[in-house]
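This report refers to the structure that appears directly beneath it.
Read the figures in this text as sums done on the coordinates, not as results from a lab. The structure displayed is predicted, hence computed values, not measured ones. Reconstructed Cβ throughout: ideal geometry from the backbone, glycine too, with neighbour counts over all protein chains shown.
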Amino acid sequence: MNIISTEIAGLLVVQLDPHRDQRGFFTETWREEWGKKLKLARPFVQDNLSRSSEKGVLRGLHFQAPPAAQAKLVWVSRGAVYDVAVDLRRGSPTYGRWHALVLSEENMLRFFVPEGFAHGYMTLEPETEFNYKVNSYYSPGHEGGIAFDDADTGIAWPGAAPVMAERDRRLPRLKDFHSPFV
């Protein structure tokens with residue numbers, strides 16, 4: 001496993017070293033000791049899987065507020081996504097900035113998104129499967145988000161109009177949001 005830093009402190013790209021041959025590949029997807037390298041405050045406790053049937057599905061930008069805040073390790077096992085994290089940590093020199101990368105079954109990259117970030121993705125291929133490891137259980141009373149199309153964040157989403165849930169279209173703008181993360 002190789003950990004690559006981004007320009008935003010805490011956001012990390014994890015590169016695996018799969019063993020490939022004529023049959024395909026084999027790779028470890030998680031080892032407990034990797035949690036120390038990622039500086040997890042708590043171990044991962046829940047795995048999630050999402051499948052999007054269409055290209056252009058946009059999920060996000062979501063977070064879980066304290067005390068149910070979540071760090072996430074995300075990756076794609078089928079298809080591809082444009083994956084984005086936005087810094088929501090008040091007082092951070094990169095507050096409101098975002099980082100994006102393509103995660104795909106081909107590149108096998110993982111993206112570590114610590115607590116204090118909004119996270120979302122847009123599918124680049126139909127029938128995309130997106131995986132999450134999280135270090136806090138889902139809590140409906142602590143879920144939140146910010147608008148995917150906020151001019152203040154200026155995220156450059158690929159493609160045409162996204163396919164999304166109506167509730168995600170009603171998320172607040174960054175300027176109207178009081179972050180629970182310090």
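Data overview
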item	result
Cα shape, region 126-182, gyration tensor, a/c 1.5 rule	oblate
Which labelled figure in (i) 10.5; (ii) 11.2; (iii) 9.1 is mean projected area of the Cα convex hull in nm², once derived from the coordinates	(i)
Region 48-124 shape via C-alpha gyration tensor axes, a/c threshold 1.5	prolate
Anisotropy class of region 1-65 from Cα gyration tensor, a/c 1.5 cut	oblate
Cleavage-rule hits (trypsin sites (Lys or Arg not before Pro)) in region 107-182: DSSP loop, at most 14 neighbouring Cβ within 10 angstrom	170, 173
Euclidean distance of C-alpha centroids, region 109-147 and region 72-86, integer Å	8
Value at 222 nm in deg cm²/dmol, rounded to 500, when DSSP H runs of n ≥ 4 in the chain each add -39,500 (n - 2.57)	-500 deg cm²/dmol
Vicinal HN-Hα couplings computed from phi for region 138-146 (Karplus, 6.51 cos²θ - 1.76 cosθ + 1.60; Hz; Gly/Pro x)	4, 9, x, x, 10, 7, x, x, 10
Dipole of the chain, positive end: most advanced residue of 123, 177, 82 [Cβ charges, Cα centre]	177
Given 12 as the ceiling on other Cβ atoms within 10 Å, longest exposed-site-free region of the chain for GluC sites (Glu not before Pro) in DSSP loops	128-182
Region 101-182: chymotrypsin sites (Phe, Trp or Tyr not before Pro) in DSSP loop, at most 14 other beta carbons within 10 Å	137, 138
Net dipole in debye of region 17-161 [+1 Lys, Arg Cβ; -1 Asp, Glu Cβ; about Cα centre; nearest 20]	460
